[in-house]
Structure formats: C-alpha cells, structure tokens
Amino acid sequence: MRAAFTTRQGGVSEAPWDSFNLGLHVNDAPQNVAANRARLKSLLSLPSEPVWLSQVHGVDVFDLDKAGDLLAPPTADAAIAHERGSVCTIMVADCLPVLFASRDGSRIGAAHAGWRGLAAGVLEKTVAALGVPGPQLSAWLGPAIAREHFEVGDEVRAAFVAHDAAAESAFAENSRGKWQADIVALARRRLEAVGVMEVSGGQWCTYTD
C-alpha cells in the first residue's frame, strides 16, 4: 500500500497551470494534462490507471471495484477500493485530502473534503462505504489551507455547529466580523465521531508551504 501527494512542480503545463496540473476541468490543454498524468503513473510505477473523479463538493463515494470500463470520470468526491492494484485519486487545491486504509491493508479510500462536503458528511459516507469499523481504520490528512488564511462567513460556521455544537471551537472570530475556520480540526472531529481515532497529518498549509 502506497500513498503520494503531488505539488505543482515537475510537469509540462504552461502558465497559469504551470506545471504539473492533473485536472481537465480548469481549461488546461488536454494534451498537457494527459502528459502530466502519464508522467505521474510512470514516476510512481502505478500498477493501474488512476481513476479520476468529477468532483462536485458532494458526498458521493465511487467504488473502484465496480468501475468496469469508464467512458467518463464518475461524479463523486471520494473513492474506495478493495482489489489489489487499484489507484484511488482525488484532486484538491485548498480543500483537505483525506486518505484511508484499513489496518489489515485490505481496503483503501480517498476523500475530497472542502467545507461543503465536510459539513454534508463526505468523511462519514466514505467510512461507511469502506465497510470497516472506524477503530480498524487509519486516516491521513494532507495539505489544506490553514485557519489563519481560511476566512468564512456565518453560514459556514452554522453548518458545522448545527451538526456538532462543540465544532465552534474550530472557528475564531476575526476583526472583520468573519470567522477563521480550522478545516483540519473539523475533519478530525468528524472522523473521531465515527470511531476513526488513528489520524495523522494535517500540518501543512497550501497557502504558505
């Protein structure tokens, strides 16, 4: 079992997508995206083609074991797999990537957790789809925007506090009457609530690092 997180360096895309852009949804030249994806597969010696999702800040989870021959990227914000050689893939900018693995190595998953998906339950949906009790899962939190740089309005705070009153601790009011949101802390609360206690990562900021 292996995991990796890419940066924007090392690809062929030209500005403003320079240079290792992997997304077709941002109007980059398709041939450059294809070249970058091929380079990724080669660099990591991936055992199969990564399954790229059409992400919509939702809660749907795609099961790679049931993929078959895909004619288009499945619309989902998380992916899971059980079969050996499967490659779960998600794309993020400032949103939080969350990777999952069962302790016996039999199941893996990856979720795209922007604030909308996180508030709507994408992590809980992913854990449920994996079919493994929370205490038997490990989760890794990748780079995301840190609280110091993530300003949100009242509606975002309300969406989390309505679900979990104690989530208010992840928000700090600023001088503009807005809130600085700690998306990593919010994700940890959600994971712990479904029994996933082995959680690592979350110390990198996509704005400053």
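Results, tabulated for the structure shown:
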item: Near pairs, Cβ below 7 angstrom, 6+ apart or cross-chain, from the range 28-42 (not assigned by TED's automatic domain parsing to the domain that holds G10) to any residue that is surrounded by 19 or more Cβ atoms within 10 Å (Cβ to Cβ) and part of a loop (DSSP other than H, G, I, E, B); result: none
item: Count of residues meeting criterion [under 25 Å from E83 (Cβ atoms) and either touching a Pro at 6+ places or on another chain (Cβ under 6 Å) or not in a helix (DSSP H, G or I) (or both)] in the range 109-134; result: 8
item: Residue in the range 38-88 that is farthest from G10 (Cα to Cα), counting only those that are in a strand (DSSP E or B) and small (G, A, S); result: A81
item: Count - residues of the range 186-206 that are in contact (Cβ under 8 Å) with a residue 24 or more places away in the chain and in a helix (DSSP H, G or I); result: 7
item: Within the range 59-70, considering residues that are in contact with a Ser or Thr (Cβ under 8 Å, 6 or more places away or on another chain) and not hydrophobic (A, V, I, L, M, F, W, C), the one farthest from V98 (Cα to Cα); result: D65
item: Residue check, S175 polar (S, T, N, Q) and in a loop (DSSP other than H, G, I, E, B); result: yes
item: In the range 2-18, residue surrounded by the fewest Cβ atoms within 10 Å (Cβ to Cβ) [restricted to those that are free of Cβ contacts under 8 Å to residues at least 24 places away in the same chain and either assigned by TED's automatic domain parsing to the domain that holds A120 or more than 21 Å from the chain's Cα centre (by Cα) (or both)]; result: A15
item: Qualifying residue in the range 16-24 (condition: modelled with pLDDT under 95 and under 27 Å from V127 (Cβ atoms)); result: no
item: Pair list, Cβ < 7 Å and 6+ apart or interchain, from the range 158-175 residues that are outside the structural domain of E124 (by TED's automatic domain parsing) to residues that are crowded, with 17+ Cβ neighbours inside 10 Å; result: none
item: Odd one out for R147 among (1) under 22 Å from D60 (Cα atoms); (2) in contact with an Asp or Glu (Cβ under 8 Å, 6 or more places away or on another chain); (3) basic (K, R); result: (1)
item: Test: residue in the range 97-105 that is assigned to a loop (DSSP other than H, G, I, E, B), crowded, with 21+ Cβ neighbours inside 10 Å and within 12 Å of the chain's Cα centre (by Cα); result: no
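For every residue, the table says whether it meets (1) closer than 30 Å to E49 by Cβ; (2) of a type in the set (G, A, S); (3) surrounded by fewer than 19 Cβ atoms within 10 Å (Cβ to Cβ).
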{"site": "H112", "(1), (2), (3)": "yes, no, no"}
{"site": "L141", "(1), (2), (3)": "yes, no, no"}
{"site": "A162", "(1), (2), (3)": "no, yes, yes"}
{"site": "R176", "(1), (2), (3)": "no, no, yes"}
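The values are calculated or read from the model by the stated rules, or taken from the named source; none is laboratory data. None of these values were measured; they are calculated from a predicted model. All Cβ positions, even for glycine, are placed from backbone atoms using ideal geometry, and neighbour counts span all protein chains on display.
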